[in-house]
Amino acid sequence: MEKLDLAELNKNRILISDVFEKNIKNVEVAGWVHNTRDLSKVKFIILRDFSGMIQVTGIKGKTPEKIFKDMEKIPRESVIYVKGKIVDSKQAPNGKEINPDELIVMNKSEELPIDIPLNIKDESTTELPKRLDWRSLSLRTRKSQIIFRVQAKIVEGMQEYLRGNGFIQVFTPCIMGVPSESGSEVFEIKYYNGKAFLRQDPQLHRQLTVLGGFEKIYDIGPVWRAEKSHTIKHLTEHRVCAVEKAFIDNEHDIMKLEEQVIISALKKVNEDCNKELEELGIKLKIPSAPFPEINFPEVYSILEKMGKKISKGEDLDAEGEKLLWEYVQKKYQGVDFYFLNKFPHKIKPFYVKGEKNSDYARSTDLYFRGMEMSSGGQREENYETLMENIKNRKLNPKSVEWFTKFFKYGAPTHGGFAIGIERITMILLGLSNVREAVLFPRDPERIVP
């Protein structure tokens, strides 16, 4: 193998996309061997970097002999460096190719342990669990590249709206001294000579930050749930964009805010990932506000008419969610996003604000094509009511005193929501499993790589 001056390479190397966007005649590029083809007197390498792909063409008698011979021995996914001339070619992808003057194998690949499809529309013949075992390799597909480009733009779009409307980003703790919600679904960790817990939600610390005088905040980060769920939509670790706002009238202020965050996110994806969406055959529809709202007392009668009876005061199950999505499709044609509001208060955490003289709460979930994307709504700001909620749920007041004590000293009306970033990516791109929208998924059976 020839020795390559990496400092020189890094100085002179250009991205493959620059070859097509700029009028460049001599180039130095580096990347992965996407595919090879040998026609005896002509040899081809499709070279791939993060920005795109280009064809490298070796011609017998024209290309230096050593390079021509080396081209037939380079395995797929090897990392190579190529220096050469750009020529127009009707046969080459995107109309340009490189005739190499220099080619160096920087790192040769062994035989691949999984199938990495050559084309974006081809499905891997390797099952998802094994692809996740070899995740760094499965990320090399064009589809994976698009998934995480889109996901990045979803988050950017959310941030752009929030920053533009006076919200500041904060960073709440991931380690809790006590479980943040129900103790049965938390991960316990050793903390010096005692124990602590990974947070289930940045909710309570966001509320305390609002009580600290920060009226508009958002927090992007991980949360953990120790649920033994083996579904296509559950993870033990996922990320959220969590927003909190003070001085609201009611939960509808929060719903209006969440609508605009979603619209901004999808607009950003449409503007910056239009080419990528086309590659996947996706035509993104930007929703219009307001999103439809279904109040929970009405849910029971809707489902009963569809043959599904749920006792009043109980939550929806998976079948109920599916039926409700069918109802929404029929009643609100063309709508993808909708809210469920007024959940039964008794099934919600103690910090959720209840409606006066009602068994229901100012609690909202946002759904996207039948799947829950977020929970949110108005929080209880009154100390005495908080303590009554705790008593009704048979919680130990001492276990949440670190949170509730601050409500004695002046708390504004407030509310918020937390949107699951992986789930919205999954539904937006029509992925069959949320694990495809996570770089390195964590579930009950998987904690490596």
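The values are calculated or read from the model by the stated rules, or taken from the named source; none is laboratory data. As the structure is a computational prediction, the values presented were derived from the model and not from experiment. Positions of Cβ are backbone-derived with ideal geometry, glycine not excepted, and every protein chain shown enters the neighbour counts. The area values use the complete protein model at the heavy-atom level, side chains included, leaving out ligands, DNA and RNA. Shrake-Rupley method; radii C 1.70, N 1.55, O 1.52, S 1.80 Å.
If you take the charge dipole of segment 7-86 about its Cα centre, with +1 on Lys and Arg Cβ and -1 on Asp and Glu Cβ, which of Leu39, Asn26, Asn12 is farthest toward its positive end?
Leu39
Using 1/(1 + (r/R0)^6) with R0 = 30 angstrom and r between the beta carbons of Phe20 and Lys267, what's the FRET efficiency to the nearest 0.05?
On the way: r = 26 Å, r/R0 = 0.88.
So the FRET efficiency works out to roughly 0.70.
Between Glu372 and Ile175, how many nm apart are label points set 7 Å from Cα along the C-beta direction?
Result: 3.0 nm between the two label points.
Taking 51 Å as R0, compute the FRET efficiency from the Cβ-Cβ separation of Arg76 and Thr385 and round it to 0.05.
E(calc), rounded to 0.05, equals 0.20.
If you average the C-alpha positions of segment 127-186 and of segment 360-396 separately, how far apart do those two centres end up, in angstrom?
That distance is 24 Å.
Would you calculate a helix-derived [θ] at 222 nm for the chain, using -39,500 (n - 2.57) for each DSSP H run of n ≥ 4 and dividing by the full residue count, to the nearest 500?
So the calculated ellipticity at 222 nm is -9000 deg cm²/dmol.
Loop only per DSSP, at most 13 neighbouring Cβ atoms within 10 Å: give me the chymotrypsin sites (Phe, Trp or Tyr not before Pro) in segment 154-254, ordered by residue number. Present the calculation step by step, with values, prior to reporting the outcome.
Numbers: sites: Tyr161, Phe167, Phe171, Phe187, Tyr191, Tyr192, Phe197, Phe214, Tyr218, Trp224, Phe247; in loops: Phe167, Phe171, Phe187, Tyr192, Phe214, Phe247.
Sparse-neighbourhood loop chymotrypsin sites (Phe, Trp or Tyr not before Pro): Phe171, Tyr192, Phe247.
Leaving ligands, DNA and RNA out of it, report the carbon-plus-sulfur percent of the accessible area of the chain at a 1.4 Å probe.
Answer for the chain: carbon and sulfur cover 50 percent of the accessible area.
Beyond 37 Å, what share of the Cα-Cα pairs of the chain is found? Please give it as a whole percent.
Result: 39 percent of Cα pairs exceed 37 Å.
What size of dipole, in debye to the nearest 20, comes out for the chain about its Cα centre when the only charges are +1 on Lys and Arg C-beta atoms and -1 on Asp and Glu C-beta atoms?
Once rounded to the nearest 20, the dipole reads 540 debye.
Just the C-alpha atoms of segment 195-343: what Rg/Rh do they give, with Rh taken as the Kirkwood radius?
Ratio of gyration radius to Kirkwood radius for segment 195-343: 0.99.
Roughly how many debye, to the nearest 20, is the charge dipole of segment 110-155 about its Cα centre, given +1 on each Lys and Arg Cβ, -1 on each Asp and Glu Cβ, and no other charges?
Charge dipole, segment 110-155, about its Cα centre: 420 debye, nearest 20.
Accessible area per residue of the chain at 1.4 Å probe, in Å²? Write down the numbers at each step before the final one.
Working: 22710 Å² over 449 residues.
Heavy-atom accessible area per residue stands at 51 Å².
Work out, step by step, the length gained on full extension between Ile189 and Lys308: first 0.36 nm times the residue separation, then minus their alpha carbon distance; give nm to one decimal. Walk me through the numbers on the way to the answer.
On the way: separation 119, 0.36 × 119 = 42.84 nm, distance 4.12 nm.
Here the segment from Ile189 to Lys308 would lengthen by 38.7 nm.
Sum up the charges of everything whose Cβ sits under 14 Å from the Cβ of Glu160, counting Lys and Arg as +1 and Asp and Glu as -1, but leave Glu160 out. Don't jump to the answer; show the numbers that get you there.
Details: positive: Lys153, Arg163, Lys267, Lys268; negative: Glu156, Glu271, Asp272.
Taking every Cβ under 14 Å from that of Glu160, the sum is +1.
Treating cross-link reach as a plain straight distance, find the lysines whose alpha-carbon is under 29 Å from the alpha-carbon of Lys62, omitting any fewer than eight places away in the same chain.
Correct list for Lys62: Lys3, Lys11, Lys22, Lys25, Lys41, Lys43, Lys73, Lys83, Lys85, Lys90, Lys96, Lys108.
Would you give the gap between the C-alpha center of segment 422-447 and the C-alpha center of segment 243-279, rounded to a whole Å?
20
On the principal axes of its Cα set, how long, how wide and how thick is segment 265-409? Give whole Å, largest value first.
If we take the Cα atoms of segment 265-409, the spans are 55, 40, 22 Å.
With a ≥ b ≥ c the root eigenvalues of the C-alpha gyration tensor of segment 216-274, is it rounded (a/c under 1.5), prolate (a/b larger than b/c) or oblate?
Here segment 216-274 falls in the oblate category.
Alpha carbon centre of segment 319-358 versus segment 1-46: separation in Å?
54
Which of the peptides 352-363, 48-59, 278-289 is most tightly packed, and how do the rest follow, going by the mean number of other Cβ atoms within 10 Å of each residue?
Most protected by this proxy first, the peptides run 48-59, 352-363, 278-289.
Can you pull out the GluC sites (Glu not before Pro) in segment 20-90 whose DSSP state is coil and whose Cβ has at most 14 other Cβ atoms within 10 Å? Walk me through the intermediate numbers first.
Values: sites: Glu21, Glu28, Glu65, Glu72, Glu77; in loops: Glu72, Glu77.
Hits after loop and neighbour filter: Glu72.
Ile175: net charge of surrounding residues, Cβ under 13 Å, Lys/Arg +1, Asp/Glu -1, itself excluded? Display every interim value, and only then the final one.
Values: positive: Lys190, Lys195, Arg199; negative: Glu188.
Around Ile175, the charge tally is +2.
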